[in-house]
1. Take the residues of segment 143-157 that are touching a helix residue (DSSP H, G or I) at 6+ places or on another chain (Cβ under 8 Å) and within 10 Å of Leu85 (Cα to Cα): which is farthest from the ligand (Cβ to nearest atom)?
2. Regarding Glu86, is this residue in a loop (DSSP other than H, G, I, E, B) and of a type outside the set (Ser, Thr, Tyr)?
3. From the list Ser138, Ser200, which one is within 25 Å of Ala96 (Cα to Cα), out of contact with any Asp or Glu (no Cβ under 8 Å at 6 or more places or on another chain) and either within 16 Å of the ligand (Cβ to nearest atom) or part of a strand (DSSP E or B) (or both)?
4. Go through segment 55-66 and give me each residue that's crowded, with 19+ Cβ neighbours inside 10 Å and outside any strand (DSSP E or B).
5. Which one is surrounded by the fewest Cβ atoms within 10 Å (Cβ to Cβ), of the residues in segment 89-126 that are in a loop (DSSP other than H, G, I, E, B) and near the ligand (Cβ under 10 Å from one of its atoms)?
6. Look through segment 74-88, keep the residues that are more than 8 Å from the ligand (Cβ to nearest atom) and touching a Gly at 6+ places or on another chain (Cβ under 7 Å), and return whichever of them is nearest to Gly135 (Cα to Cα).
7. I'm trying to understand the selection: among the residues of segment 147-177, which are outside any strand (DSSP E or B) and among the basic types (Lys, Arg)?
8. Of the conditions (1) touching a Pro at 6+ places or on another chain (Cβ under 7 Å); (2) part of a helix (DSSP H, G or I), Arg180 clears all except one; give me its number.
Amino acid sequence: MDASDFSEERNQMVDAQLAARGINDRRVLAAMRKVPRHLFVPADLRPYAYEDHPLAIGHGQTISQPYMVGIMTEVLGPGEGDRVLEIGTGSGYQSAVLAELSGEVVTVERNEMLAGMAADRLAGLGYSNVRVMVGDGSQGWPELGPYDRVMVTAASPRVPEPLKAQLKEGGRLVCPVGSRELQTLWVVTRTRGAYETGTSINCVFVPLVGRDGWAEK
Ligand code: SAH
């Protein structure tokens, strides 16, 4: 393989930033060894794509830190045939990781430009099991639901009710909940029609702007 495919950087990222910090789901680690993260950032930022922090992707938005993608994916636990809903497509990187691990991914992005770029990128990389939709993801995407797993990759003041309603029985949802500045990752499981909520780590995401999220500033 030629050196510009960043496979060495990618393996190092997985070893030092994910495995060494306690992410041990083998499927998640394998997916993140595979997805070419450098192709999800602006060309001038490629040399930094595997560093231990988020990166700006334009339009005031970011691609999450690799560790955050890893932990959220591990907590979500998508299964092979699962239908997954992601809110906040951004670069499409998290969508690609989810697509490696599940049957089908529906991802919703409110910014039309970002959605278009992510859709082109994902199609170019051969991810035929991802559908990118433009709209207010705080309302989910009921027409294509219900979903086994729902991941929100933007910060919300509460878990949007429409997303809970679109969860299948036995389904699980992860969502950063808190203030605009700091959130905790909430994990909601639907069992026999009831919702059980637990919490995971603290995190910092850009705001979910929409009807069941934050108002536009
Ligand atoms: N998962 C992305 C990172 C998400 S950044 C990645 O892997 O690159 C958060 C994204 O959520 C931003 O692109 C932002 O435009 C989007 N967003 C914010 N509010 C939204 C809403 N109501 N519906 C859909 N997307 C939203």
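1. Selected residue: Arg149.
2. Numbers: in a loop (DSSP other than H, G, I, E, B): no; of a type outside the set (Ser, Thr, Tyr): yes.
No; evaluated as a whole, the condition is false for this residue.
3. Working: Ser138 fails: out of contact with any Asp or Glu (no Cβ under 8 Å at 6 or more places or on another chain).
After ruling out the rest, the residue left standing is Ser200.
4. Result: Ser64, Pro66.
5. So the first thing to find is which residues in segment 89-126 are in a loop (DSSP other than H, G, I, E, B), and the list is 89-92, 102-103, 110-111, 125-126.
The next check asks that each one be near the ligand (Cβ under 10 Å from one of its atoms); those that pass are 89-92, 110-111.
On the way: Thr89: 28, Gly90: 27, Ser91: 25, Gly92: 31, Arg110: 20, Asn111: 18.
This residue is Asn111.
6. Step one: list which residues in segment 74-88 are more than 8 Å from the ligand (Cβ to nearest atom), which gives 74-85.
Filter once more, keeping what is touching a Gly at 6+ places or on another chain (Cβ under 7 Å): 80-83, 85.
Details: Glu80: 27, Gly81: 25, Asp82: 22, Arg83: 19, Leu85: 13 Å.
The residue in question is Leu85.
7. Arg158, Lys164
8. Of (1) touching a Pro at 6+ places or on another chain (Cβ under 7 Å); (2) part of a helix (DSSP H, G or I), only one is false for Arg180: (2).
The values are calculated or read from the model by the stated rules, or taken from the named source; none is laboratory data. Here the structure is a predicted model, which is why all the values come from computation and not from measurement. Cβ: placed from backbone, ideal geometry, glycine included. Neighbour counts: every protein chain shown.
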